[in-house]
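Here's the structure, in structure tokens; my notes come after.
Just so it is clear, none of the values below were taken in a lab; they were calculated from the coordinates. A quick note: this is a predicted structure, and the numbers were derived from the prediction, not measured. Note that each Cβ is placed from the backbone with ideal geometry, even for glycine, and that neighbours are counted across all protein chains shown.
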Number of protein chains: 2
Amino acid sequence: MVDKYRGATILNYMVKDRSAGLDRLFRALAHPVRRTMLRRLAGGERNLTELAKPLKMSFPAVSKHVRVLEQARLVQRRVTGRVHWCRLNAAPLKQVVDWSAGFREFWEARFQALDGLLEEMKQQEDAHVRQK
Amino acid sequence: MVDKYRGATILNYMVKDRSAGLDRLFRALAHPVRRTMLRRLAGGERNLTELAKPLKMSFPAVSKHVRVLEQARLVQRRVTGRVHWCRLNAAPLKQVVDWSAGFREFWEARFQALDGLLEEMKQQEDAHVRQK
DNA sequence: TTAATATTAAACCAGATGGTTGACAAATAC
DNA sequence: GTATTTGTCAACCATCTGGTTTAATATTAA
């Protein structure tokens, strides 16, 4: 099979696939609680107690989630007294977008059409993930 | 602290944070081998043997990675005889971009400046992830 | 028919994840 | 000073992850 996309692919290869940073980023984003936390932090700084309040889990669990976000550099912590203030650091999300957007042409319709993959769209509807 | 960003945040809230689909997506993307696989599939269909060739791991391991990508709907499989052809399905990556781009304003410079977070940028350089 | 190829399945393993509880440390409030 | 609040740490647990090896299945080639 011809590598018809190769040219375009190389052009869009901006972000390295092998990156421990991306690993940590994607992994941090893979939990709904952590994504929700980021969303809440978009509303301004929160301390751990505030972050924990709406969550149905123990405080240490919340603390661990924050730690994961911190290690992915998505959250920055500022300690004043006994209170730990968390601030969103969205910068790493740009990496996520940059990496993913490298595939943009592949999900855009004109490209699908160009390749005559209309039947794939149909397949996409009813063909389901092989269940374990 | 005032919720200065709240308005903008709600405006950009397009993709649900709590989504098993996003969980699977981000998780699938959290492994360098799988990201590399996607990149290679961007060059056209590959069967498992071809995908496995450059990888330093057993064939069943490769098969499992493909399965993860498949369950995240990032890969579609077409079986002809004994050969399993894998095709990139980039469509779900749009969700990743949409979710992440909801935070774009927060990583853009004008916004950082607005908040007087220039010192944060410096912090970002040398402040490191709290090590366990 | 027999052998080789492509792939899955099953069993196993070490280590990570995501949660719990209980004890502790430090800062603040009374 | 004593009590309360904020948060960490340590130990523990069940489950998931990512890898292995060996065996099995199905298709193609000789």
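Things to note:
Here's the yes/no breakdown for (1) farther than 22 Å from A:TRP107 by Cα; (2) of a type in the set (Asp, Glu); (3) within 7 Å of DNA strand C (Cβ to nearest atom):
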position	(1), (2), (3)
B:PRO54	yes, no, no
B:MET57	yes, no, no
B:VAL62	yes, no, no
B:VAL66	no, no, yes
B:ALA72	no, no, no
B:VAL75	no, no, no
B:LEU88	no, no, no
B:LYS94	no, no, no
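- Single match in A:ALA91, A:ALA42 (criterion: small (Gly, Ala, Ser) and in contact (Cβ under 8 Å) with a residue 24 or more places away in the chain): A:ALA42
- Pairing residues of the range B:68-83 that are in contact (Cβ under 8 Å) with a residue 40 or more places away in the chain with residues that are near DNA strand C (Cβ under 10 Å from one of its atoms) and of a type outside the set (A, V, I, L, M, F, W, C), at Cβ distances under 8 Å and at least 6 apart in sequence or on separate chains, gives B:VAL68/B:ARG27; B:GLN71/A:ARG130; B:ALA72/B:ARG27.
- Residues in the range B:48-65 that are assigned to a loop (DSSP other than H, G, I, E, B), away from DNA strand D (no atom under 12 Å from the Cβ) and within 14 Å of chain A (Cβ to nearest Cβ): B:PRO54 alone.
- Residues of the range B:71-93 satisfying the condition of being facing another protein chain (nearest Cβ under 7 Å) and either within 13 Å of DNA strand D (Cβ to nearest atom) or out of contact with any helix residue (DSSP H, G or I) (no Cβ under 9 Å at 6 or more places or on another chain) (or both): B:GLN71
- Odd one out for B:GLY44 among (1) over 23 Å from A:GLN95 (Cα atoms); (2) more than 8 Å from chain A (Cβ to nearest Cβ): (2)
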